[in-house]
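A.B. asks: This is the structure I want to talk about, given as C-alpha cells.
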Amino acid sequence: MEVITTHLNADFDAMASMVAAKKLYPDAIMAFSGSQEKNLRKFFVQSLMIYDFQKIKYIPLDKVTKLIVVDTRQPSRIGNFAQCLNNPGITLHLYDHHPDAPGDMKGEVEVVRLVGSTATVFVEIFQQKNIALTEDEATLLAMAEYEDTGSFTFSTTTPADLNATSWLLACGANLHTVTQYITHELTTDQVARLHDLIKSATTYTIQSIEITVCRIAFSRYVDEFSLIVRRFMSMENLNVLFALASMGERIYLIARSRIPEVNVGKIALEFNGGGHASAAAATINDMTLIEAEEKLIRLLHKHVQPQSLAWELMSSPIISAEPHISTLEANDILIRYSITVLPIIQGKKILGLFSRRDASKAIFHNLGDLPVTEFMNTEFATLPTSATLADIQELIIEHRQRFIPIVANKQLVGVITRTDLFNLLVNDPAHLPSLNTTQSQPSVERNRNLTNLMTQSLNKNILILLQTIGDVARQNGFTAYAVGGFVRDLLLHVKNFDLDIVIEGDGITFAKKLVEKLGGKLRTHVKFNTAMVLLPDGLKVDIATARLEYYEFPAAMPTVELSSLKLDLFRRDFTINAMAIHLNSDKFGILVDFFNCQNDLKDRQIRILHNLSFVEDPTRIYRAIRFEQRMGFTLGKLTEKQIKNAVKMNLFDQKFGKRYFQEIKLILSEHNPLPAIRRMAQFDLLKFLHHSLTLDSQLANILEETHRAIAWHKLLYLNEECRQWIVYLLALTSRIQTRALLSYCKKFEVPERYRQILIREKVESKRIIRILERRVHLRPSEIYWLLMGLSHEGLLYLMALCRNKAGKQAVSLYVTQLRHVKNHIHGTDLNTLGYPPGPIYQTILNDLLGKTLDGRLRSRDDELHFLKEEYPLDEYR
C-alpha cells in the first residue's frame, strides 16, 4: 500500500503538493494526517474540484509499504502516520521546501529545495518531465504559491516561485478562484481577536533586538490565527513576532521574523514544530501558556546571538552561603538546588567558591562539621558586567575556571558557568537562562496605571495606608508591592480589605518599621520570613518577603528562600492571583503582570502557572474549586486535567494537616458551598475526606436541607453568629460513624475545640433524631429539654436531618420561640420568699419553666400561685 500525506493542520501548499504527488504516484492513496486550516475546509465545501482523500482511520497503518510525505520532514508533524516508519521494509519519499532540521526523516527519495513553497518543487519536476496539468490542478498549485509566499511578499520568496507561478498561469490557473480563497481581509471576529492580540503584546529587548511576544487564551479554536498574527506584524511594522495562543488543551505558536539575527524556524523546532528562518509554527502539548512563554524566552536567549556581554549571560539572583555554615550544610545546599559550585559571601563581597567535589571529599574524611571556609577555593578570577564573550571563553576554556563570579563595585551580582557558555556556543537545548535570570524579565512590564481605579474603588483610609506602606519601604531601601487577591479583586471591582504585601528586602524588618510608624501589634514567623501587623483601627496587614518555594517531596510544606518578585509571583497558586501593584511613590499604582494574568480575569478562567502546581501542593485543588464556584469562573482545560492527574497519583494520602482542613473549612464557609461540593464529587475528591464518602441522592438531599436550614436561620437572625462550616461538615459526614469523624478530625488536625463540638453535636443529634422520628407529638417542654443542649450549629444540622414534618416543626418552634422563654421568678426570688438554698432551687425553676413552656403559667402571679400549691413553704423550713 502506498500513501501520500502531509503535516497536521494542512494548508493549501500541503494539499496542492499531495495532489501533485498523486500525478507522480498514481497508485497511492491520499490521506491527511490530521485537521486542515479553515480556508482549506472552506475550499472543500464550496469548490467543484473533486479529489479522492481517504480518512486515516480507514487505512491499516501496518500495511503501508511506501509513505510519500510532502511539505514536511518532521515525524512529529505527520500524526499517526509516524507509526508507519516502523513497518518492516517501509520506503520513504520526501518532498519539502523547508531547511534541514534535527530529527528530519531520511528517505530513499528526497527532493528538497529552499524555495517559497513545496508547490514550486513539484512544478519544476513537472516541467522537467513534461507532465501536463489540468486548469484545476494549475489553479490549486497557484493557490499554494500565493498563500505560502504571502502573495510574493515574504522574504522566503525566490525567483523560482515567480517562475513556477508564471508557468501555472500559462497552464490555465484561474486567478479569480485564487483570490476567492487566498484572502487577507479580516472578519469582524478576527478584528476583535487582533485587538486582543495587540493588548497582550510585550516587547522584550534581547541582545539589543526588540522581540514582540503575545500570549493569549481563547475558549475555542480560532481559525486563521496565523492571518491575524501576520496582520499585527504588518500594522506595527515589527521585525520579530512570536504569538502563543491557547485553544482548548493545546497551545499554538506562530512565529515571524524579518531579520537574520532571529531564526524562528530553530525556535519552533524546539517545540517540535518547524518552518523557515522567517516563518514557523508549532503545536505545544502538556504546557501551560506561562510555561510555554517561559520556555520561549529561554530559547530566545539561546538562539538570538549578537555579541554577548557578561551582564546578559549571567544568572541572578545567586544561590550563595555565608562563611559560618558547616561543610555538611553547604553540601545540603548544593544538593538541594542541583548546583556544583556555591559562592561563599559576606555581605555582598565574595570570599571563595565551594564545590560539590570539595564537599564530598571533606565529608568522606568525616570533616563535615568544619566551617565551609576551611575548604573553599580562594584563588579564582572574576569578571565585570561589561566582560565580552571572548573574556568569558578565555577564563572557562583556556584557564579551565568552570564558574565565573560577575562583580560590580566589588559586589557579587551574578554568575556564569561553563554550561552557560557551552549552551551559547553549541546551541545545546538546555536551560539558558533560567527563570531566575534577570534578562528573562520583559524590558517593559505588562503594566497599567491603576491609580485612578484605586482612588475610585478604595476608601480613603486604605489608600492612605497603601501610600504609607510605600513610603516606609522607600525610606528603608525596600520595594513594596500589594499582591494576590487584593489586586485580583481590585480589577474585578470587588471589595477586599485583606492586604497582602510583598517586600523585596526583609519583610520582618519592614514590618517593624511599619509598626514604629503607625503603631499596632506585630506577629512574626521567622521560618517563612513573614509578619502580620494588626493596626490600631483593627485592620490586618500580612507582610511577606519575596520568596521562592521548593518542595522536598510531593505534597510537602514548602521550604522558602529569598528571591525576586517574579519568582514570588510564579510560585503562587493561579494566574489570577499572580499580579502585584507597586506601592513605592516613584511607581505607585503601577500594575505588575508578568504572566498576562489580566486575560484570565477577562476570560474568567482559573489557570495554574506550571504543570506541577497540584503535585507540589494538592490543597490548591480545593482552592481552585472554591474560586471557580465563588467567582463564577471556569477551570482551564489543562488545569482540570492536572487536577485529575493529582487525584490519580493519590497525593492527598501523603500529607494531611491543618492546610487541608483550612481549605475545606473555607469551601464550607462560602455563601453556598453546594456547587463546590458537587464539583469535588466530580473530581472524586470526597474520598480523600473519608473513603466511604460519595455524593449519592441521599447525601445530596441532606446537603440541600442543610442549605435551606442555614438560609432560614440567616433570614430570621441576621445578627446571630452561626459557624455554617460546622453545619455543612456535620451534614457531609452525617452517614459515617462517630469513630470515623473522630479519625477525620485527627487526620486533618482539626483544633481540639472544634473537634469536641463536632463529636458532641453528632452524637446528640443522632440520639435526638431517633426520638423525634419515634414520637410525633411532643409537648413544648419536652421539645425544650430535648434540644436545649445543642448549639446553633447542632440545631440547624438536626433540622436538616429530620425527615418528617413534625420533627422540623419541633426544631423550628424551639429556635424561634421556646429557647427565648424565661421564668418570671428566679433564684433570688425564691430566697426572698424564704426557700432555703440548695438543689431544690433548680428543681423548682425547671418545673416553673416547663409549665410556662406548656402554657399553664403565664404571669408572675401564676408562678407564685403554682409555688404555693406545689411547693408549700412549710415543707422546706
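The values are calculated or read from the model by the stated rules, or taken from the named source; none is laboratory data. All values reported here derive from a predicted model rather than from experimental measurement. Here Cβ is always computed from backbone atoms with ideal geometry, including for glycine, and neighbour counts include all displayed protein chains. Quick note on the areas: whole protein, heavy atoms, side chains included, nothing else; ligands and nucleic acids left out. Shrake-Rupley method; radii C 1.70, N 1.55, O 1.52, S 1.80 Å.
A.B. asks: How large is ³J(HN,Hα) for each residue in region 202-212, as worked out from phi by the Karplus curve 6.51 cos²θ - 1.76 cosθ + 1.60 (θ = phi - 60°), to whole Hz, x for Gly and Pro?
C.D. replies: For region 202-212, the Karplus-derived couplings read 10, 9, 9, 9, 10, 6, 6, 10, 7, 10, 9 Hz, x marking Gly and Pro.
A.B. asks: Here is a follow-up. For region 596-712, what Kirkwood radius comes out of the mean inverse Cα-Cα distance, in Å? If you can, show how the numbers build up before the last one.
C.D. replies: Working: mean 1/r = 0.0665 Å⁻¹.
Kirkwood hydrodynamic radius for region 596-712: 15.0 Å.
A.B. asks: Okay, next question. Return the Cα extents of region 654-749 along principal axes one, two and three, sorted largest first, each rounded to a whole Å.
C.D. replies: 43, 28, 24
A.B. asks: Once you have the Cα-Cα distance between residue 324 and residue 476, take 0.36 nm times their residue separation minus that, and quote the gain in nm to one decimal.
C.D. replies: Once the chain is fully extended between residue 324 and residue 476, it gains 52.0 nm.
A.B. asks: With no solvent and one point per C-alpha, what does the Debye sum give as log10 I(q)/I(0) for region 204-332 at q = 0.09, 0.12, 0.23 Å⁻¹?
C.D. replies: After summing over all Cα pairs, the log10 values are -0.34, -0.53, -1.41.
A.B. asks: Express in nm, to one decimal, how much length is gained between residue 210 and residue 537 on full extension, taking 0.36 nm for each residue of separation and deducting their alpha carbon distance. List each step's numbers first, then the result.
C.D. replies: Details: separation 327, 0.36 × 327 = 117.72 nm, distance 4.90 nm.
Here the segment from residue 210 to residue 537 would lengthen by 112.8 nm.
A.B. asks: Right, something else. Can you tell me what the convex hull of the Cα atoms of region 1-132 projects to on average, as an area in nm²?
C.D. replies: That works out to 8.1 nm².
A.B. asks: Mind giving me the FRET efficiency for residue 526 and residue 27? R0 is 51 Å, r the Cβ-Cβ distance, nearest 0.05 is fine.
C.D. replies: 0.10
A.B. asks: Okay, moving on. Over all directions, how big on average is the projection of the convex hull of the alpha-carbon atoms in region 717-848, in square nanometres?
C.D. replies: Over all viewing directions, region 717-848 projects a mean Cα-hull area of 10.3 nm².
A.B. asks: So what's the Cα pair-distance distribution over region 330-381, bin width 5 Å, in %?
C.D. replies: 4, 22, 31, 26, 13, 3, 0
A.B. asks: With every protein chain left in place, what is the accessible area of residue 7 in Å² (1.4 Å probe, nearest 10)?
C.D. replies: 10
A.B. asks: Which order do the peptides 171-178, 280-287 come out in when sorted by mean C-beta neighbours inside 10 angstrom, highest first? Don't skip to the end; give the middle numbers.
C.D. replies: Values: 171-178: 16.8, 280-287: 19.2.
Per-residue mean Cβ counts within 10 Å order the peptides as 280-287, 171-178.
A.B. asks: For residue 590, what residues show an amide H to amide H distance below 5 Å, using hydrogens built from the backbone and excluding near sequence neighbours?
C.D. replies: Amide H neighbours of residue 590, under 5 Å, 5+ apart: 450, 582.
A.B. asks: Take the Cβ-Cβ distance between residue 152 and residue 42 as r, set R0 to 25 Å, and report the resulting FRET efficiency rounded to the nearest 0.05. Numbers along the way, then the final one.
C.D. replies: Numbers: r = 23 Å, r/R0 = 0.91.
E between residue 152 and residue 42, to the nearest 0.05, is 0.65.
A.B. asks: Testing the spin-label approximation: label points 7 Å from Cα along Cα→Cβ at residue 125 and residue 641. State their distance in nm.
C.D. replies: Using points 7 Å along Cα→Cβ, the separation is 3.6 nm.
A.B. asks: Heavy atoms only, probe 1.4 Å: what % of the accessible area of the chain goes to carbon and sulfur, would you let me know?
C.D. replies: Looking at the chain in its full context, I get 50 percent from C and S.
A.B. asks: How many nm separate the modelled label positions at residue 701 and residue 189, each set 7 Å beyond the Cα in the direction of the Cβ?
C.D. replies: Distance between the two pseudo-spin positions: 4.6 nm.
A.B. asks: Name all residues of region 493-517 having a backbone nitrogen under 13 Å from the label point set 7 Å from the Cα of residue 448 along its Cα→Cβ direction, giving them as ranges.
C.D. replies: Only 493-494 fall inside the zone, counting backbone N under 13 Å.
A.B. asks: Right, something else. Can you work out the FRET efficiency for the pair residue 754 and residue 805, with r the C-beta to C-beta distance and R0 = 35 Å, to the nearest 0.05?
C.D. replies: The calculated FRET efficiency here is 0.65.
A.B. asks: How many angstrom lie between the C-alpha centres of region 310-383 and region 1-75?
C.D. replies: After rounding, the separation between the Cα centres reads 59 Å.
A.B. asks: Taking Rh as the Kirkwood radius computed over C-alpha pairs, what is the Stokes-Einstein D of region 742-819 at 25 °C in a medium of viscosity 0.890 mPa s, expressed in µm² per second?
C.D. replies: Result for D is 188 µm²/s.
A.B. asks: Separate question: Using label points projected 7 Å from each Cα along Cα→Cβ, tell me how many nm separate residue 876 and residue 176, to one decimal.
C.D. replies: It works out to 11.4 nm between the two label points.
A.B. asks: Here is a further query. How much of the DSSP bridge set in the chain is antiparallel, in percent, rounded to the nearest 5? Could the numbers behind the result be given before it?
C.D. replies: Details: 62 of 97 bridges.
The answer is about 65 percent antiparallel.
A.B. asks: So, one more: Restricting to region 62-198, what percent of DSSP beta bridges are antiparallel, rounded to 5?
C.D. replies: Just about 0 percent of them are antiparallel.
A.B. asks: Now for a separate question. If you take the alpha carbon radius of gyration of region 183-249 and divide it by 2.2 N^0.38 Å, what ratio comes out, to two decimals?
C.D. replies: On the way: Rg = 12.2 Å, N = 67, 2.2 N^0.38 = 10.9 Å.
Ratio of Rg to 2.2 N^0.38 Å for region 183-249: 1.12.
A.B. asks: Now a separate question. With a cut-off of at most 10 other beta carbons within 10 Å, and DSSP calling the residue loop, which trypsin sites (Lys or Arg not before Pro) in region 69-118 qualify? Please list them.
C.D. replies: Counting only loop positions with at most 10 other Cβ atoms within 10 Å, the trypsin sites (Lys or Arg not before Pro) in region 69-118 are 106.
A.B. asks: Counting Lys and Arg as +1 and Asp and Glu as -1, each charge on the Cβ, what is the dipole of the chain about the Cα centre in debye, to the nearest 20? Please list the in-between numbers first.
C.D. replies: Working: 101 positive and 97 negative charges, 623 e Å.
For the chain, the charge dipole is close to 3000 debye.
A.B. asks: Now a separate question. Can you tell me the accessible area per residue over region 181-321, all protein chains present, probe 1.4 angstrom, in square angstrom?
C.D. replies: 37
A.B. asks: Turning to a different aspect of this structure: How would you classify region 1-74 from its alpha-carbon gyration tensor, with a ≥ b ≥ c the square roots of the eigenvalues: rounded for a/c under 1.5, else prolate if a/b is greater than b/c, otherwise oblate?
C.D. replies: Prolate shape, in that a/c is at least 1.5 and a/b is the bigger ratio.
A.B. asks: Taking the Kirkwood radius as the inverse of the mean 1/r across Cα pairs, report the Rg/Rh of the chain.
C.D. replies: Ratio value, two decimals: 1.10.
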